[in-house]
Amino acid sequence: MTDTRAAADAVARALADALALIIPVECAGCGAADVALCGRCRRELVPRPRDWRTPGGVAVHAGLTLDGVAARAMRVLKGEGRTGIARVFAPALRAAASALDPPRDALFAPIPTSADAYRRRGYRVPDLVAARAGLPVRRLLRIRRSAADQRGLGREARRDNVAGSLRADGVAGARVVIVDDVVTTGATLDEAARAVRAAGGVVAGAVVVAATPRRDAATPRRDAADGAARTGLRQGDEGPVTWRIRA
């Protein structure tokens, strides 16, 4: 299976390079011409799993840190319609799932995409990356009420913004792994966990492609703003979380 996937990835890269001769593209990580993702940037996206618990106690595993190349490539995937970049992030999500080591019967439930975001993009980012990663996701989480854009909100504001916004269907008695593209403060994952438990399910943990960088409590706001500029996130998105890198 691993050899087959490696061969398929090699073919996909070759086709992407050939297509670049017809339709100009640039590297999603550094902007180099005529390649979807250059070799140097691809090496920057080698998974480096890390784990953490949300304020609500959900065990979260991330495959990457959302900084540098990862942050730029995620912006391209989410904002420029280049769905092929989802395949680049697939190893990170697979690594996160492997690190979590969920029960064999666990159900993988992606965080739902808002109607506005779906109309704008035409696809659901968590579902797309999960499909490329080979995770058997099921749309068990639904939006119960709309929440405001989380960007620019602090931890408490994020928690209040999403409280009661999700519901879960078909999870009674099941063990559920929550799936998302990015985690910041963990507010959305905690809300998803609440919805799963309210519907009679058991939360087995959460897996995400990438986590925003750690910010120490003593870090001056100027440095936090600089960090936001490096990742391409608005100030306040990086969240005061501490991740433990797995060996």
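The values are calculated or read from the model by the stated rules, or taken from the named source; none is laboratory data. Bear in mind the structure is a predicted one, so any value in this text is a computation, not a measurement. Counting neighbours? That spans all protein chains shown, and the Cβs are built from the backbone with ideal geometry, glycine included.
Summary table below
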| item | result |
| --- | --- |
| Single residue of the range 75-88 satisfying the filter (of a type outside the set (D, E, K, R) and out of contact with any Gly (no Cβ under 8 Å at 6 or more places or on another chain)) that is surrounded by the most Cβ atoms within 10 Å (Cβ to Cβ) | V88 |
| Tally, over the range 78-112, of residues that are in contact (Cβ under 8 Å) with a residue 60 or more places away in the chain and within 11 Å of the chain's Cα centre (by Cα) | 7 |
| Pair list, Cβ under 9 Å, 6 or more apart: the range 28-41 residue in contact (Cβ under 8 Å) with a residue 40 or more places away in the chain, other residue charged (D, E, K, R) and assigned to a loop (DSSP other than H, G, I, E, B) | A28/E80; A28/R82; A36/R82 |
| Counted residues, the range 179-212 - those being in contact (Cβ under 8 Å) with a residue 24 or more places away in the chain and not in a strand (DSSP E or B) | 18 |
| Residue match in the range 48-68 (condition: in a helix (DSSP H, G or I), buried (at least 17 other Cβ atoms within 10 Å of the Cβ) and touching a residue at least 12 places away in the same chain (Cβ under 8 Å)) | yes |
| Residue that is farthest from V129 (Cα to Cα), among those in the range 166-181 that are out of contact with any Gly (no Cβ under 7 Å at 6 or more places or on another chain) and surrounded by 20 or more Cβ atoms within 10 Å (Cβ to Cβ) | L166 |
| Test for R43: is it at pLDDT 95 or above and out of contact with any strand residue (DSSP E or B) (no Cβ under 7 Å at 6 or more places or on another chain) | yes |
| Flag for S114 being under 21 Å from A187 (Cα atoms) and surrounded by fewer than 20 Cβ atoms within 10 Å (Cβ to Cβ) | yes |
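Per-residue answers, yes or no, for (1) over 27 Å from V69 (Cβ atoms); (2) modelled with pLDDT of 95 or more:
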| position | (1), (2) |
| --- | --- |
| A157 | yes, no |
| N161 | yes, no |
| R175 | yes, yes |
| A193 | yes, yes |
| G201 | yes, yes |
| A204 | yes, yes |
| A210 | no, yes |
| R215 | no, no |
| A224 | no, no |
